[in-house]
1. Within the stretch 40-63, how many residues are modelled with pLDDT under 95, exposed (fewer than 14 other Cβ atoms within 10 Å of the Cβ) and within 23 Å of the chain's Cα centre (by Cα)?
2. Looking at the stretch 343-371, which of its residues are modelled with pLDDT under 80 and either assigned by TED's automatic domain parsing to the domain that holds Asn121 or basic (Lys, Arg) (or both)?
3. Suppose we keep only residues that are β-branched (Val, Ile, Thr) and modelled with pLDDT of 95 or more within the stretch 303-342. Which one would you say is nearest to Phe107 (Cα to Cα)?
4. Given the criterion touching a Gly at 6+ places or on another chain (Cβ under 9 Å) and modelled with pLDDT under 95, identify the matching residue among Ala296, Ala287, Ala210, Ala260.
5. Of all residues in the stretch 163-213, how many are under 23 Å from Leu54 (Cβ atoms) and hydroxyl-bearing (Ser, Thr, Tyr)?
6. Looking for whichever is buried (at least 24 other Cβ atoms within 10 Å of the Cβ) and either among the hydroxyl-bearing types (Ser, Thr, Tyr) or at pLDDT 95 or above (or both) here; the options are Leu81, Leu2, Leu95, Leu66. Which one fits?
7. So which pairs qualify, if the first residue must be in the stretch 256-271 and farther than 12 Å from Glu233 by Cβ, the second must be modelled with pLDDT under 95, the Cβ gap must be under 6 Å, and the two must be at least 6 apart or on different chains?
8. Residues that are at pLDDT below 90, under 30 Å from Phe265 (Cα atoms) and touching a strand residue (DSSP E or B) at 6+ places or on another chain (Cβ under 9 Å): does the stretch 152-162 have at least one?
Amino acid sequence: MLRASFTPYTLHFGFEAVTSRECMRSKSTYFVSVWDDEHPTVVGTGECALFRGLSADDREDYESVLSDICSRINAVKIADLTEWPSIVFGIETALADLRNGGRMMPFPSDWTDGGSGLHINGLVWMGSVEEMTRRAEEKISEGFRCVKLKIGGCDFERELHLLEQLRRRFAPEELEIRLDANGAFDVDEALQKLRRLATLDIHSIEQPIASRQWDAMKSLCNVSPIDIALDEELIGVFSVDEKRRMIEYLRPAYIILKPALCGGFSGSSEWIEAAENVGIRWWVTSALESNIGLNALAQWVASMKCDMPSGLGTGQLYTNNFRSPVERRGAMLYYNPAIEAERPEIISNSRYTPSFSSKNHSNKSQNITRS
């Protein structure tokens, strides 16, 4: 019989992470573990990477629902959890890891053998123009030839000036520039801004206007001089029919998948099928997961053979993250089999769900909850 547990954990940023929506110093997440009574030392581990203020499942009863799912793990069907995408992400990871021996390897492939690498983009967080310029230069000096900049939080003219400086220094064939507006542009001004940005040979822009404005977004996708990628627009769309209808109506150039926000790996696969059926391309980005979630994400991306640079990292955002075999070398991610992934330790006791513990990390949110 399977058993499952969860525990909350608070990740702390090493800097103030700024988007057009908010400034973040910390982020809450949940770790879930699944094991079989017959082999209690073999444990599958996953991360329910709830994104407060953005996830469709950011609800007051989140912990009680997660606790209920853990208590019913033998009867739970992923298809019944579509409205809880971050929980699906964690449960799918833990079950896949358990099937593969509880080695923090939910999706083994040639990549996890340590040979090939995954192409990734460099991410420049929002900040002052001076900070963004410095960060962009650091990414380029590290070897990145695809850089994503978050815009919309500063004065547009100053952000435009920053991009002009970058483009003067690096031609399009030397540096691919992706932008992410996080829905910051007003509908009335979006096209004008896109036209000005287009003079800089921008690869694509994610979510130029806020989500759930389908008619306005469809119009932008039709006439924008810059390819539009949908990101937040995918959040909260659960059924396969809804996904197909949205894709076929809006017809973006790209969709950006964050599995913790888009229905886990199964839900993201549905998005990929809907997009590819109409010739729309895709790539994957993280949603501020810890290294436990990032490890699973990178393994899944490798197994999906994505041919575009993904927005994955190695968890360097946080000061209290976990040891991971996922390493960045230049603009590529590699899996180092010589490094053992750090994970929650399990207290095997049928009366309680295990608590999170680690030799190298402590967290005030550690607890033991009854199953």
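The values are calculated or read from the model by the stated rules, or taken from the named source; none is laboratory data. All figures in this text were calculated on a predicted structure; none of them were measured in a lab. Because the Cβ atoms are built from the backbone with ideal geometry, glycine has one as well, and the counts that use them run over all protein chains shown.
1. The qualifying residues number 2.
2. Arg351, Lys359, Lys364, Arg370
3. Filtering the stretch 303-342 for residues that are β-branched (Val, Ile, Thr) and modelled with pLDDT of 95 or more, the one nearest to Phe107 (Cα to Cα) comes out as Val326.
4. So the residue among Ala296, Ala287, Ala210, Ala260 that is touching a Gly at 6+ places or on another chain (Cβ under 9 Å) and modelled with pLDDT under 95 is Ala287.
5. So the answer is 2.
6. Leu66
7. Pairs found: Ala260/Ala287.
8. yes
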